[in-house]
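Heads up, the thing below is written out as structure tokens.
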Amino acid sequence: MRVEIWSDINCPWCYIGKARFERALAAFPHREEVEVVHRSFELDPRAPHEARPVVPLLAAKYGMSLEQAEAAEARIAENAHAEGLPYLREGRDAANSFDMHRLLHFAEEHGRQDLLLDALYRANFAEERSAFDAGRLVELAVEAGLDGGAAAAVLADPEAYAEAVREDETTASAMGATGVPFFVLDRRLGVSGAQPAETFTRALEQAWESRVALPLTPLTPER
């Protein structure tokens, strides 16, 4: 069974949702027969490449005061910490994530995609140093077991893996995804958002038990 996860490194709920899904997958009896593939999705494709502080960005994007944006970050931090994830409430920045997505496709070819994604999330949400600088991205690629020279070459070529990123985004749009994280199990069952681990458990069980061709069906958590 294949699980495809559309996400963006700028999305804290993708960071949290990945941890919740992995908790469900770890307890799934057929976990060794589940292939997980991470797909690209940009929350803001027009975001500048220059990194900027997150809190003012949130305030401007959602029409909030700085205090409200800080409170929103604090609530996200609480959710992250509840999953055992480090999360900085202050001092983070954000920028265009397209190069990160290109690098993740490169990592997939070398069997290091999940390791690189974890490194990118950690750098973006738990470290004050910007994760968007090309030099830092190469360092993270090396941490994930990739060749630094090859990673640098990918980042230096703006067309390398660019089409793969766009294909992922086109597929997500065709499936009706308007936000992330978005989980698709065997192209038959969809789960939107950073749902509780129990919801992912039900999704895995349902997809495993109904392995026949069915249209994509949204799964909502129990109320």
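The values are calculated or read from the model by the stated rules, or taken from the named source; none is laboratory data. Not measured: the values here are computed from a predicted model. Cβ: placed from backbone, ideal geometry, glycine included. Neighbour counts: every protein chain shown. Heads up: the accessible areas ignore ligands, DNA and RNA and are worked out on the full protein's heavy atoms, side chains in. Shrake-Rupley method; radii C 1.70, N 1.55, O 1.52, S 1.80 Å.
Near residue 125, once Lys and Arg are set to +1 and Asp and Glu to -1 for all other residues with Cβ below 13 Å from its Cβ, the sum equals -3. Applying 1/(1 + (r/R0)^6) with R0 = 25 Å to the Cβ-Cβ distance of residue 128 and residue 150 gives a FRET efficiency near 0.35.
First compute the accessible area of the chain with a 1.4 Å probe, then give the percent of it belonging to carbon and sulfur atoms. Write down the numbers at each step before the final one.
Values: 5610 of 10980 Å².
So the carbon and sulfur contribution to the accessible surface is 51 percent.
Gain in length, residue 167 to residue 74, computed as 0.36 nm per residue apart minus the alpha-carbon separation, to one decimal in nm? All intermediate terms of the calculation are to be shown ahead of the outcome.
Working: separation 93, 0.36 × 93 = 33.48 nm, distance 3.43 nm.
Net length gain for the segment: 30.0 nm.
With every protein chain present, what is the per residue accessible area of the chain (1.4 Å probe, Å²)? Let's see the in-between values first.
Values: 10980 Å² over 223 residues.
Per residue, the chain has an accessible area of 49 Å².
Helical runs assigned H by DSSP (4 residues or longer) give the chain a calculated mean residue ellipticity at 222 nm of -15500 deg cm²/dmol, each run adding -39500 (n - 2.57) before division by the residue total. Among residues other than residue 171 with Cβ under 11 Å from its Cβ, the summed charge is -1 (Lys and Arg +1, Asp and Glu -1).
Out of all DSSP beta bridges with both ends in the chain, state the antiparallel percent to the nearest 5. Within the chain, antiparallel bridges account for around 55 percent of the total. Rounded if a/c is under 1.5, else prolate if a/b beats b/c, else oblate: with a ≥ b ≥ c from the C-alpha gyration tensor eigenvalues square-rooted, which is the range 79-205? Here the range 79-205 falls in the oblate category.
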